[in-house]
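**Student:** The structure that follows is given in the form of structure tokens.
The values are calculated or read from the model by the stated rules, or taken from the named source; none is laboratory data. Being a predicted model, the structure only gives us computed values, none of them experimental. Note that we place each Cβ from the backbone using ideal geometry, even for glycine, and neighbour counts take in every protein chain shown. Just the protein is used for accessible areas: all its heavy atoms, side chains included, with ligands, DNA and RNA removed. Shrake-Rupley method; radii C 1.70, N 1.55, O 1.52, S 1.80 Å.
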Amino acid sequence: MNSIEIFDTTLRDGEQSPGANLNSKEKLQIAYALKELGVDVIEAGFPISSEEDYNAVKDIAKKVRGVGICGLSRTIKKDIDRCYEAVKYSDRPRIHAFIATSPIHIKEKLKLSPLEVIDITKDSVAYAKSLCPEVQFCLEDATRTEYNFMTEVIKTAILSGANIINIPDTVGYAVPLEIRKRIKYIFHSLGELIEEKNVKISVHCHNDLGNAVANSLEGIKCGASQVECTINGIGERAGNASLEEVVMNLVTRKDYYKTKINVNTKLLYPTSVLVSDLTGLLVQRNKAIVGKNAFAHEAGIHQAGVIACRGTYEIMNSEEVGWKGDSLILGKHSGKGAVRNILITHGINVEDSKIDSIVETVKRLGAEKKYLDHSQILELAKT
Ligand SMILES: [Zn+2]
């Protein structure tokens, strides 16, 4: 079993979501919840970006103990200084410095030569390391970076003191097979150095094509031992890999991934609700793991199956993720079995003809897109 560290970036990448904006108090509240959830590292913000973000990261570093607190930084001395000033109060501070390495970013955005990128990597990592024992280095747009240049940058960062190397799919362009090839290539070329220096490889995937979770899991399968994700998958544009989906894949398919994580899965749903409430970003109904419909069954055949044996249509227990809601939804596709089951659960015994009339009402309202909850069914049984 390989240990996988969960690096949560809800408060940094997630907070960069268009439409989300958290104040310092709300950020602190989420940081406490993430600590309870059992994530290994919290990326609390980008300290140089604003006075408010700097203060929020500092406050979290001071108050939320027993978990890594990380800040993002460009590979610029004043950014690194500002980042360290904020995270240094943590009992496990981390600086996360990044520079782009793909040809398009180097040429069009940074207007540098590849050699200059190597020099900046060397100097910035060494400088960050002189301040902070844990340094994470990120090759922005890694998945569009030429293989040999990528390994050259990684080698430089490791030799300058980086403990964690982040390989992000910044623009959400990669497919799982490409992630597989890239991560395997890194271990194939630099495996000895990675092992000797005890370096972690991290994956950070965006969801522009809906591949963020699949790509992250593929990275883990190929040896990445840190995965970066956000609650509800919030983040820049289409978002990041969703923490709850990554975690429940690793838990539910332990037989395949063979990994260990520290997350208390029962807190996934409450944490999702908290983040949705504070950011104002709603969770889609059919979202895996935490959506309102994630464990709900409406079709009569499915309901009958679940009543007989949950394993017929459920691969996870809703209690395992702390999901709250009615698992049997009554609508136009529901049948007698579900209605009878709800009544029996509440100790109510009625005649078959009564159940028939309740089912008729349920189906009639269901056709008008109205759904009855369990208390309304109990009311109908009394009439
Ligand atoms: Zn990102």
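**Student:** Just to be sure, is Ala44 within 16 Å of the ligand (Cβ to nearest atom), within 23 Å of Cys205 (Cβ to Cβ) and not in a loop (DSSP other than H, G, I, E, B)?
**Tutor:** For Ala44, the condition - within 16 Å of the ligand (Cβ to nearest atom), within 23 Å of Cys205 (Cβ to Cβ) and not in a loop (DSSP other than H, G, I, E, B) - is met.
**Student:** For segment 167-180, give me each residue that is open to solvent by 10 Å² or more (accessible area, probe 1.4 Å) and over 16 Å from Ser225 (Cα atoms).
**Tutor:** Listed by number, the residues that qualify are Thr170, Val171, Tyr173, Val175, Pro176, Leu177, Glu178.
**Student:** Which of the helices (runs of 4 or more DSSP H) found entirely inside segment 75-163 contain at least 2 residues meeting this: within 21 Å of His204 (Cα to Cα) and either open to solvent by 10 Å² or more (accessible area, probe 1.4 Å) or among the acidic types (Asp, Glu) (or both)?
**Tutor:** Counting at least 2 such residues, we get 147-159.
**Student:** With more than 22 Å from the chain's Cα centre (by Cα), over 21 Å from Ile234 (Cα atoms) and β-branched (Val, Ile, Thr) as the only criterion, which of Ile95, Ile106 stands out?
**Tutor:** Among Ile95, Ile106, only Ile106 is more than 22 Å from the chain's Cα centre (by Cα), over 21 Å from Ile234 (Cα atoms) and β-branched (Val, Ile, Thr).
**Student:** Would you confirm whether any residue within segment 32-41 is open to solvent by 50 Å² or more (accessible area, probe 1.4 Å) and touching a residue at least 40 places away in the same chain (Cβ under 8 Å)?
**Tutor:** Scanning segment 32-41, I find at least one residue that is open to solvent by 50 Å² or more (accessible area, probe 1.4 Å) and touching a residue at least 40 places away in the same chain (Cβ under 8 Å), so the answer is yes.
**Student:** Here is a further query. Could you tell me how many of the residues in segment 273-292 are within 16 Å of Ser17 (Cα to Cα), in a loop (DSSP other than H, G, I, E, B) and in contact with a helix residue (DSSP H, G or I) (Cβ under 8 Å, 6 or more places away or on another chain)?
**Tutor:** Residues flagged as within 16 Å of Ser17 (Cα to Cα), in a loop (DSSP other than H, G, I, E, B) and in contact with a helix residue (DSSP H, G or I) (Cβ under 8 Å, 6 or more places away or on another chain) within segment 273-292 amount to 3.
**Student:** Would you please list the contacts, defined by Cβ atoms under 7 Å and residues six or more apart or on different chains, that run from a residue in segment 189-214 that is more than 25 Å from Ile42 (Cα to Cα) to a residue that is among the polar types (S, T, N, Q) and crowded, with 21+ Cβ neighbours inside 10 Å?
**Tutor:** Here the result reads none, with nothing in segment 189-214 linked to a residue that is among the polar types (S, T, N, Q) and crowded, with 21+ Cβ neighbours inside 10 Å.
**Student:** Still on this model: Among the numbered conditions (1) within 16 Å of the ligand (Cβ to nearest atom); (2) at positive phi, tell me where Gly223 comes up short.
**Tutor:** Every condition holds for Gly223 apart from (1).
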